[in-house]
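For reference, the structure discussed in these notes is given below.
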Amino acid sequence: MENLIIIGSGPAAHTAAIYAGRAKLNPLMFEGFNAGGVAAGGQLTTTTEVENYPGFPEGISGPKLMVKMREQSVKCGARIETVTIDKVDLSKRPFKVFAGSKTLETKALILATGATAKRLNIPGEEKLWQKGVSACAVCDGALPIFRNKVLVVIGGGDTAVEESTFLTKYGSKVVVLVRRDVLRASKAMQERMKQNPKLEIMWNTEAKEISGNKSVEAVKIINNKTKKETTVAAGGLFYAIGHTPNTAFLNGQLELDETGYIKTNSGTTYTSVEGVFAAGDVQDKRYRQAVTAAGTGCMAALEAEKFLSEHSS
């Protein structure tokens, strides 16, 4: 019987593991084996340079940051298994966690499985991923590679407007590709967009190919009405088409919002099932930053510790 199992491998999971380990809860963490198509360490493992995580004034690579977090988790007393969790049973306590051929029981559970950025899988994307292609403008937009370049953003919702507006601080111009003839973004966001002289919207337009040698140099686009193809010379491409929260393995046992994110009680990591806590991007579709994920990982560990002390019998 485990006191606490943590499922996940990003900043939220490791911060929870660090706090739980220091609290002598002897946590067991499942970091997954290419879960959701991402290596252990989560989305930061696909980020070449992280400049906005406190404590690293010179910046640090995403993979290196996650290696350091993992080492700290182990040093603080967490046990880590590189196994993907297939399913869980939250119908009663102790909860059951199914990992391959093993079934484990745990008194409390922290879910920090994150969310996977949606991609279009167009030619050139894989080759130039994190070499000018990104799914997080706030994370990567300030990097030198994007300074004073024409940047392309794909998307038509609030996130696309927010991220394209953010990128105007760094790029010479931001071109937003919208596959329809209207934006899904709120009216207020649309007004803000129209007032920004560095933003250009291309309606009924989709990306067909990303090209470049060592980094993004151009994006081939097509007007889906006229079928006319053109090429935009650009130094970066940002996807702003949403994320998929990694909650399928829960099989509907927790309350989720309309887009599949775990619902938590306001200001806490408590979920709809007592003894189950959610941290990081799996319950946060607004900020999606490493530092905010780490903060909720801390919260989840403290709340799990409190829950276990109150249910020690």
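Which order do peptides 247-255, 277-285 fall in by mean Cβ count within 10 Å, highest first?
On the way: 247-255: 15.7, 277-285: 28.2.
The most tightly packed comes first, giving 277-285, 247-255.
Relative to the present Cα-Cα distance, how much length would full extension add between residue 263 and residue 58 at 0.36 nm per residue of separation? Provide the component values of the computation, followed by the final result.
Numbers: separation 205, 0.36 × 205 = 73.80 nm, distance 3.60 nm.
This chain segment gains 70.2 nm when fully extended.
Work out, step by step, the length gained on full extension between residue 120 and residue 274: first 0.36 nm times the residue separation, then minus their alpha carbon distance; give nm to one decimal.
Working: separation 154, 0.36 × 154 = 55.44 nm, distance 3.78 nm.
Between residue 120 and residue 274, full extension yields 51.7 nm more.
What does region 51-143 give for Rg and for Dmax, in Å, if only its C-alpha atoms count?
For region 51-143, the Cα-based Rg and Dmax read 18.2, 48 Å.
So for the chain, averaging the separation of alpha carbon pairs under 8 Å that are six or more residues apart and normalising by length, what relative contact order in percent results?
Numbers: 726 pairs, mean separation 65.9, N = 313.
It rounds to 21 percent for the chain.
By average Cβ neighbour count within 10 Å, what is the ranking of 22-31, 9-18 from highest down?
Numbers: 22-31: 20.6, 9-18: 31.5.
Ranked by mean Cβ neighbours within 10 Å, highest first: 9-18, 22-31.
Given N residues in the chain, what is its alpha carbon radius of gyration divided by 2.2 N^0.38 Å?
Rg over 2.2 N^0.38 Å, computed on Cα atoms: 1.07.
What FRET efficiency would be calculated for the residue pair residue 89, residue 255, taking the C-beta separation as r and a Förster radius of 22 Å, to the nearest 0.05?
Values: r = 17 Å, r/R0 = 0.75.
Calculated value: 0.85.
Contact order normalised by length for region 119-239, with contacts defined as Cα pairs under 8 Å and 6 or more residues apart; what percent is it? Don't skip to the answer; put the middle values down first.
Numbers: 264 pairs, mean separation 38.0, N = 121.
Over region 119-239, the number comes to 31 percent.
If I model a spin label as a point 7 Å beyond the Cα along the Cα-Cβ vector, how far apart are those points for residue 102 and residue 231 in nm?
Using points 7 Å along Cα→Cβ, the separation is 5.3 nm.
Which of 158, 86 comes first, and how do the rest follow, when ranked by fewest Cβ neighbours within 10 Å?
Values: 158 17, 86 10.
Arranged by neighbour count, lowest to highest, 158, 86 become 86, 158.
Whole Å is fine, so just give me how far the alpha carbon centre of region 86-116 lies from that of region 1-75.
Cα centroid to Cα centroid, the span is 18 Å.
Kirkwood Rh over alpha-carbon pairs of region 119-243, then Stokes-Einstein at 37 °C and 0.692 mPa s: what D in µm² s⁻¹, rounded to an integer?
For the chosen part, D equals 233 µm²/s.
Report the calculated FRET efficiency for residue 127 and residue 196 (r = Cβ-Cβ distance, R0 = 41 Å), to the nearest 0.05.
It comes out at approximately 0.85.
Relative to the present Cα-Cα distance, how much length would full extension add between residue 186 and residue 215 at 0.36 nm per residue of separation?
On the way: separation 29, 0.36 × 29 = 10.44 nm, distance 3.32 nm.
Additional length available on full extension: 7.1 nm.
Based on alpha-carbon centroids, what's the gap between region 184-252 and region 255-279 in Å, whole number please?
So the separation of the two Cα centres works out to 31 Å.
If you rank 209, 71, 2 by fewest surrounding Cβ atoms within 10 Å, what's the result?
Values: 209 15, 71 11, 2 19.
Placing the least packed residue first, the sequence is 71, 209, 2.
If a paramagnetic tag sat 7 Å from the Cα of residue 204 along the Cα-Cβ line, which residues of region 143-187 would have the backbone N under 14 Å from that point?
Correct set: 178-182.
When the gyration tensor of region 197-313 is built from Cα positions, what are the square roots of 5 times its three eigenvalues, in whole Å, from largest to smallest? Numbers along the way, then the final one.
On the way: eigenvalues 377, 52, 27 Å².
Equivalent ellipsoid semi-axes, largest first: 43, 16, 12 Å.
Out of the DSSP beta bridges found with both residues in region 1-143, what percent are antiparallel (nearest 5)?
Values: 9 of 22 bridges.
Here the share of antiparallel DSSP bridges comes out near 40 percent.
Tell me, for the chain, which Cys residues have no other cysteine's C-beta sitting closer than 4.7 Å.
76, 298
Kindly express, to the nearest 10 degrees and within the range 0 to 90, the angle between helix 158-167's C-alpha long axis and the longest C-alpha principal axis of the chain.
With both axes taken from Cα atoms, the answer is about 70 degrees.
Since every read-out is calculated from the coordinates, none of them should be taken as a lab result. Remember, predicted model here, so these are calculated numbers, not experimental data. Virtual Cβ from ideal backbone geometry, glycine too; neighbours counted across all protein chains shown.
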